[in-house]
Amino acid sequence: EVQLAESGGGLVQPGGSLRLSCAVSGFTLSSYDIHWVRQATGRGLEWISAIDKTGGTYYPGSVKGRFTVSRDNTKNSVYLQIDSLRAEDTAVYYCARRAPGSQSYSDAFDIWGQGTMVAVSS
Amino acid sequence: QSVLTQPPSVSGAPGQRVTISCTGTSSNIGTGYDVHWYQQLPGTAPKLLISSNTNRPSGVPDRFSGSKSGTSASLAITGLQAEDEADYYCQSYDSRLRGSVFGGGTKLTVL
């Protein structure tokens with residue numbers, strides 16, 4: 001079964017750091033781009049990063065410089081390092097797979113993980 | 001303020017047809033970038049409902065359909081069922097922001 005599973009969330013103080021993991025199974029990670037999307041409680045979805053098959057990384061301006069996405073295909077995992085955490089980073093963080101056949105740039109996300117909660121509070 | 005604009009809520013009775021609009025601009029939908037739709041049931045991760053404007057992934061009922069024209073896209077749901085009650089999101093790519101963008105989401109209530 002094709003699956004993604006996030007882990008690493010938790011309660012962190014403002015200014016702290018966290019590394020989220022996305023473990024994949026049921027498909028060959030090296031053949032896919034992976035995205036991260038977050039959702040604050042009661043709010044909508046926000047795209048926050050992507051890493052393509054070649055290791056190229058992409059971020060929106062709102063998180064660039066604080067978020068770092070990486071991948072280790074040998075461990076079937078993708079990681080999201082979040083530094084200088086702020087209260088507004090409190091959200092459920094999802095990893096999602098780029099759907100095969102997606103138009104260049106406009107990726108559809110066909111498989112999602114269950115999400116991991118990050119809470120930033122003192 | 002989301003880059004793609006959706007109505008906050010829509011509602012319909014069982015069996016009826018509802019549509020959810022997604023309005024963009026010349027830097028996203030209007031440029032020709034594909035629009036995708038997701039269904040999010042309470043407490044669960046989003047699920048891909050429509051990809052590339054009109055394509056239904058395997059397992060998605062044909063009661064769900066998508067369309068796109070100009071700077072807008074729409075999701076139509078026919079034969080509304082209680083289980084369709086969920087939040088729906090559109091998504092595309094924005095060339096000015098250089099990244100994926102989502103609509104603010106629409107809550108569908110089945111009366």
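The values are calculated or read from the model by the stated rules, or taken from the named source; none is laboratory data. If you're wondering where the values come from, they're calculated on a predicted model, not measured in any experiment. With ideal geometry, Cβ positions are generated from the backbone for all residues, glycine too; neighbour counts draw on all protein chains shown.
Of the residues A:Ser31, A:Ser21, A:Ser17, which single one is more than 21 Å from A:Gln3 (Cβ to Cβ) and more than 14 Å from every other protein chain (Cβ to nearest Cβ)?
So the residue among A:Ser31, A:Ser21, A:Ser17 that is more than 21 Å from A:Gln3 (Cβ to Cβ) and more than 14 Å from every other protein chain (Cβ to nearest Cβ) is A:Ser17.
Just name the residue that is farthest from the other protein chains (Cβ to nearest Cβ) out of those in region B:31-79 that are closer than 22 Å to B:Arg98 by Cα and aromatic (Phe, Trp, Tyr).
If we take residues in region B:31-79 being closer than 22 Å to B:Arg98 by Cα and aromatic (Phe, Trp, Tyr), then B:Trp37 is farthest from the other protein chains (Cβ to nearest Cβ).
Among the candidates B:Gln6, B:Gln16, which residue alone is within 13 Å of chain A (Cβ to nearest Cβ) and modelled with pLDDT of 95 or more?
Of B:Gln6, B:Gln16, the one residue that is within 13 Å of chain A (Cβ to nearest Cβ) and modelled with pLDDT of 95 or more is B:Gln6.
Of the numbered conditions (1) crowded, with 18+ Cβ neighbours inside 10 Å; (2) closer than 25 Å to B:Tyr89 by Cα; (3) more than 12 Å from the chain's Cα centre (by Cα), A:Leu85 fails exactly one; give the number of that condition.
(2) is the only condition that A:Leu85 fails.
Within region A:1-26, can you find the residues that are assigned to a loop (DSSP other than H, G, I, E, B) and either out of contact with any helix residue (DSSP H, G or I) (no Cβ under 7 Å at 6 or more places or on another chain) or at pLDDT below 95 (or both)?
Those that are assigned to a loop (DSSP other than H, G, I, E, B) and either out of contact with any helix residue (DSSP H, G or I) (no Cβ under 7 Å at 6 or more places or on another chain) or at pLDDT below 95 (or both): A:Glu1, A:Val2, A:Gly8, A:Gly9, A:Gln13, A:Gly15, A:Gly16, A:Ser17, A:Gly26.
Restricting attention to region A:54-82, and to residues there that are surrounded by 22 or more Cβ atoms within 10 Å (Cβ to Cβ) and hydrophobic (A, V, I, L, M, F, W, C), which single residue is farthest from B:Ser92 (Cα to Cα)?
Residue satisfying both the conditions and the ranking: A:Ile82.
Does A:Ile51 qualify as being more than 26 Å from B:Gly43 (Cβ to Cβ), among the aliphatic types (A, V, I, L, M) and surrounded by 18 or more Cβ atoms within 10 Å (Cβ to Cβ)?
yes
The rows are residues; the columns are (1) at pLDDT 95 or above; (2) aromatic (Phe, Trp, Tyr); (3) over 14 Å from the mean Cα position of the chain (by Cα); (4) not in a strand (DSSP E or B).
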residue	(1), (2), (3), (4)
B:Ser11	yes, no, yes, no
B:Tyr33	yes, yes, yes, yes
B:Ala45	yes, no, yes, yes
B:Ile50	yes, no, no, no
B:Ser67	yes, no, no, no
B:Leu75	yes, no, no, no
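Search region A:96-116 for residues being closer than 15 Å to B:Lys47 by Cβ and part of a strand (DSSP E or B), and hand back the single one that is farthest from the other protein chains (Cβ to nearest Cβ).
Of everything passing the filter in region A:96-116, A:Arg97 is farthest from the other protein chains (Cβ to nearest Cβ).
Does region B:1-44 hold any residues that are closer than 20 Å to B:Ser69 by Cα and hydroxyl-bearing (Ser, Thr, Tyr), and which are they?
Scanning region B:1-44 gives B:Ser2, B:Thr5, B:Thr19, B:Ser21, B:Thr23, B:Thr25, B:Ser26, B:Ser27, B:Thr31, B:Tyr33, B:Tyr38.
Answer yes or no: is there a residue in region B:82-91 that is more than 12 Å from chain A (Cβ to nearest Cβ), in a strand (DSSP E or B) and either over 30 Å from A:Lys64 (Cα atoms) or touching a helix residue (DSSP H, G or I) at 6+ places or on another chain (Cβ under 9 Å) (or both).
yes
Which numbered condition trips up A:Asp72, out of (1) of a type in the set (D, E, K, R); (2) under 17 Å from B:Phe102 (Cα atoms); (3) free of Cβ contacts under 8 Å to residues at least 40 places away in the same chain?
Every condition holds for A:Asp72 apart from (2).
Suppose we filter A:Tyr79, A:Tyr93 for residues that are touching a Leu at 6+ places or on another chain (Cβ under 9 Å), away from chain B (no Cβ under 14 Å) and among the aromatic types (Phe, Trp, Tyr); which single one remains?
Checking each option against the conditions leaves just A:Tyr79.
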